[in-house]
Structure formats: structure tokens, C-alpha cells
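Trainee: First the structure, then my questions, so here it is.
The values are calculated or read from the model by the stated rules, or taken from the named source; none is laboratory data. What you see is a predicted model, and the numbers here were worked out from it, not measured in a lab. Virtual Cβ from ideal backbone geometry, glycine too; neighbours counted across all protein chains shown.
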């Protein structure tokens, strides 16, 4: 068999496995049909989040508003502090109940990172932490995110989603609409704030997908089903 024939053989096998609808074969947790049930946060302690100081409320103003409390958001905040800005100038907003980004959400058995910990974990020298394993487990990565936030005294607004943002040419500020859900009777609470700088650092790995299969909605409605990104340890 020639190289060209071998290539065509594998191309044929590849085509058999490709769905014509592409990414349309999936839905994600933003679809309320199933996402409202599968996408619930199993890790959040809403009483603890309520007890924390929330830096933002209606008509608040901040210099920097960062979406995302994962590595990207943390690094943006830390570099701003290193550049001379105060922690009071910065607010991190995240839908999760704590720091970590995708490492907050994913806690399935055996979860590890396939990049060496001394390269992957952020701000090790700054926090004085040495990874325990060459390839860090998910829990260690998540705890390092929490350690970074504590070390720098970062201010956060958890369980909060950005629903809209628009630049105001007159005020030279971003007008940002938020919704915070802490499980209270009137939640989610909707409010609007202003920011001079608006930084999106939410990443691409925090919105899980599930297949669009016939009958899947009925299955979720009537049976115990969970996504690996919301692992049910019970």
C-alpha cells in the first residue's frame, strides 16, 4: 500500500466518525432545559460566601473589574498589584463559590495536570510554595489558587454572573450588569456597577457540554445523572 493509499484509507475512516452538525451535536450548561439541573454548583458554601464582604453593590464603582477567578484572573490581578495599583482598585467576579477556575469545578477521581507542577502552578516563588508532586493533583492546584488570593488579599464577588457590559463614551467607564445568586429568597439579585477597566479572563474550560440525545431530557428529569465536571461524591 502506497503512502497516498494509506492516507486515503485513514481519511475515509475519519469521515465515518465526523458528525455533519459538528459542534451542534452538543448543548452546554447555559441551556436551561438540562443545564439548570446538571450545572448546579455542588461545592459552594453559600452561607460562607454570604458572610464574606462583597465589594460590589448597586451603583458601585471600581478601577478594575476582572471576570474569572482562575489562573488568568489571578495573574491579571497580581500583575496589576506589582505594577503599583492597590488591591482596593481591583475586584474579581466569578460564578463559582471560590478561586480556581476550571480546577474549582472539576474534582473527579484521579484529576491531575499533565504539565509539571513547578511549571503549571502560578506564583510559586511569590507564595513560597513547592508542589508536592511532579504532576499536581487537582486539589493541590485549587489550593494554590486560594493561597495566591490570600497572599495578595484579593477582593472577590463570588456566585456572581456578568449579564451585560457596555462602554459609556460620556463617562469613559464600563457599565456592567451583574446577577448574584446566594440562595436567598429573592435571588438572583441584579445590580449595575461601573469600572474604568474591564478585563475578561474567564477561560474556555468552565462551560461543560453534554450530547443532544433523544430522550436525554427525560433521563435527567427522572434519573440520577451528573456530569464529570460536577462530580457527585455521594
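Trainee: Can you tell me which residue within region 187-205, out of those that are at pLDDT 95 or above and touching a helix residue (DSSP H, G or I) at 6+ places or on another chain (Cβ under 7 Å), is farthest from residue 95 (Cα to Cα)?
Mentor: 199
Trainee: Quickly run through region 42-70 and pick out the residues that are farther than 26 Å from residue 85 by Cα, under 18 Å from the mean Cα position of the chain (by Cα) and not in a loop (DSSP other than H, G, I, E, B).
Mentor: Within region 42-70, 46 is the sole residue that qualifies.
Trainee: While we're looking at this one, here's another question. I need a count of the residues in region 86-117 that are under 17 Å from residue 72 (Cα atoms) and assigned to a helix (DSSP H, G or I).
Mentor: Qualifying residue count for the region: 6.
Trainee: On the basis of being closer than 22 Å to residue 72 by Cα and over 22 Å from the mean Cα position of the chain (by Cα), does residue 157 make the cut?
Mentor: no
Trainee: Out of all the residues in region 181-199, which are in contact (Cβ under 8 Å) with a residue 60 or more places away in the chain and touching a strand residue (DSSP E or B) at 6+ places or on another chain (Cβ under 7 Å)?
Mentor: Hits for region 181-199 are 191, 192, 193, 194, 195, 196, 197, 198, 199.
Trainee: List the number of the failed condition for residue 111; all other conditions in (1) surrounded by fewer than 18 Cβ atoms within 10 Å (Cβ to Cβ); (2) in contact (Cβ under 8 Å) with a residue 60 or more places away in the chain; (3) more than 15 Å from residue 201 (Cα to Cα) hold.
Mentor: Failing condition for residue 111: (2).
Trainee: Any residue in region 10-39 that is surrounded by 14 or more Cβ atoms within 10 Å (Cβ to Cβ) sitting within a Cβ distance under 6 Å of a residue that is assigned to a helix (DSSP H, G or I)? List the pairs, counting only those 6 or more apart or interchain.
Mentor: 29/35; 34/217; 34/220; 37/220
Trainee: I'm trying to understand the selection: among the residues of region 179-224, which are in a loop (DSSP other than H, G, I, E, B), more than 23 Å from residue 46 (Cβ to Cβ) and more than 21 Å from the chain's Cα centre (by Cα)?
Mentor: Across region 179-224, the qualifying residues are 212, 213, 214, 215, 223.
Trainee: Only residues that are surrounded by 13 or more Cβ atoms within 10 Å (Cβ to Cβ) and in a loop (DSSP other than H, G, I, E, B): list them for region 136-175, please.
Mentor: Answer for region 136-175, where residues must be surrounded by 13 or more Cβ atoms within 10 Å (Cβ to Cβ) and in a loop (DSSP other than H, G, I, E, B): 136, 154, 155, 158, 159.
Trainee: Here is a follow-up. If residue 91 satisfies every condition in (1) within 27 Å of residue 135 (Cβ to Cβ); (2) in contact (Cβ under 8 Å) with a residue 40 or more places away in the chain but one, which is the exception?
Mentor: All conditions pass for residue 91, except number (1).
Trainee: Let me ask another. Go over the candidates 74, 56 one by one and state the one that is surrounded by 11 or more Cβ atoms within 10 Å (Cβ to Cβ) and within 26 Å of residue 141 (Cα to Cα).
Mentor: 74 is the lone residue from the list that is surrounded by 11 or more Cβ atoms within 10 Å (Cβ to Cβ) and within 26 Å of residue 141 (Cα to Cα).
Trainee: Looking only at region 153-180, count how many residues are without any contact (Cβ under 8 Å) to a residue 40 or more places away in the chain and in contact with a strand residue (DSSP E or B) (Cβ under 8 Å, 6 or more places away or on another chain).
Mentor: Selection size over region 153-180: 11.
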